[in-house]
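These notes are about the structure you will find just below.
The values are calculated or read from the model by the stated rules, or taken from the named source; none is laboratory data. Please read all numbers here as calculations on a predicted model, not as lab measurements. Glycine also receives a Cβ, built like all others from the backbone with ideal geometry; neighbour counts cover every protein chain displayed.
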Amino acid sequence: MKKEILDSFFNSYAKAVDKAAAVSVFWRLSDEIITEIIKREIAPHCKDSSLTMDAGGGTGRWAIKLSGVLKGKLVVFDRSKDMLTKASENISKSNTSNRISIAEGDLTQIDEFADNSIDNIVSIYSPLSFIYEQDKAAKELFRILKSGGRILIMSHSYHNAIASKINNYRADAEELQKLANEQVVKWAPYVPELITHSKESIEKLFADAGFHIHKTYGVPVFVQPGPEDFDPENEKKSAISEYLENSDIYKSVFEIEMRFNANETVANRGMNMFMLAEKK
Ligand SMILES: C[S@@+](CC[C@H](N)C(=O)[O-])C[C@H]1O[C@@H](n2cnc3c(N)ncnc32)[C@H](O)[C@@H]1O
């Protein structure tokens, strides 16, 4: 993807993203589901000596949060200078510099890390969807991971993108066909074209790179965001976020999401695909 388009997109994204979960209960729920999956699938495999990479870790907000969940050290790896400048500020403010480092680089060519040098990898809110050379990225992630290491990686969902373009955007026939045929979605003029995945296509991509696939979660599978949840200024509130403000409803929805989100016949309902694999 063109670096200038990405840089201008992430320049504004970096400023807005850290506020989203504070304003939108939809994003708070989505973040809590992701955290729970990481607690179950990655935390038991981390030791004090482990190094976990947050691939496409952006502003460091996940690494900071995960430093309370995962043992060992974390590295935020990203290609955007703007995101990493914010990450550096966030890490100093949260006094986590002894646990979290930063590395600038591209996931399609991770020159900064040697073969078999990382214990586990997480990648949240779809850095993979911004990468056109998907095979290259999957192979690089396989190369840097130690044997026995796990990867939990997210992508925008293919089936959800089609459903959303029909139901929320009333997209024209040409746009729908392009998405259905090429698995590429354009959400808004200021967002670059993104690669989407089904459970099947993300599992094939990483199996072809050598990984042993465990499972794929949909995140979330039942709750659907409102258009206001994508407000770049993070000022508007959606009807679904208002509904989720009731704490009994929030708890029930969270529990039901976790009950079904890795079910093989349900995962493709997800807004995002979150795939778990291992380097044997
Ligand atoms: C949607 S943001 C998510 C950031 C972070 N994971 C979060 O949840 O807040 C996607 C991130 O992927 C990074 N990214 C995109 N393409 C990349 C590439 N080829 N190599 C490294 N990072 C990349 C972007 O710079 C951006 O920080």
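Residue-wise test of (1) closer than 30 Å to Val223 by Cα; (2) within 14 Å of the ligand (Cβ to nearest atom).
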position	(1), (2)
His45	yes, no
Leu51	no, no
Lys65	yes, yes
Lys81	no, yes
Ser101	no, no
Gln109	no, yes
Options Ser88, Ser97: the member that is in contact (Cβ under 8 Å) with a residue 12 or more places away in the chain, small (Gly, Ala, Ser) and either more than 9 Å from the ligand (Cβ to nearest atom) or crowded, with 19+ Cβ neighbours inside 10 Å (or both): Ser88
Give me a count of the residues in region 44-70 that are buried (at least 16 other Cβ atoms within 10 Å of the Cβ) and either closer than 22 Å to Glu233 by Cβ or out of contact with any Phe, Trp or Tyr (no Cβ under 8 Å at 6 or more places or on another chain) (or both). 16
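I'd like to check something: does region 67-79 contain any residue that is assigned to a helix (DSSP H, G or I), modelled with pLDDT of 95 or more, away from the ligand (no atom under 12 Å from the Cβ) and in contact with a Ser or Thr (Cβ under 9 Å, 6 or more places away or on another chain)?
Within region 67-79, none of the residues are assigned to a helix (DSSP H, G or I), modelled with pLDDT of 95 or more, away from the ligand (no atom under 12 Å from the Cβ) and in contact with a Ser or Thr (Cβ under 9 Å, 6 or more places away or on another chain).
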Members of region 71-80 that are buried (at least 24 other Cβ atoms within 10 Å of the Cβ) and either free of Cβ contacts under 8 Å to residues at least 24 places away in the same chain or over 14 Å from the mean Cα position of the chain (by Cα) (or both): Leu74
Note down all Cβ pairs under 8 Å where the first residue falls in region 101-114 and is at negative phi, the second is more than 10 Å from the ligand (Cβ to nearest atom) and of a type in the set (Val, Ile, Thr), and they're at least six residues apart or on different chains. Ser101/Val75; Ile102/Val75; Ile102/Ile91; Ala103/Val75; Ile110/Ile144; Phe113/Ile144; Ala114/Ile144
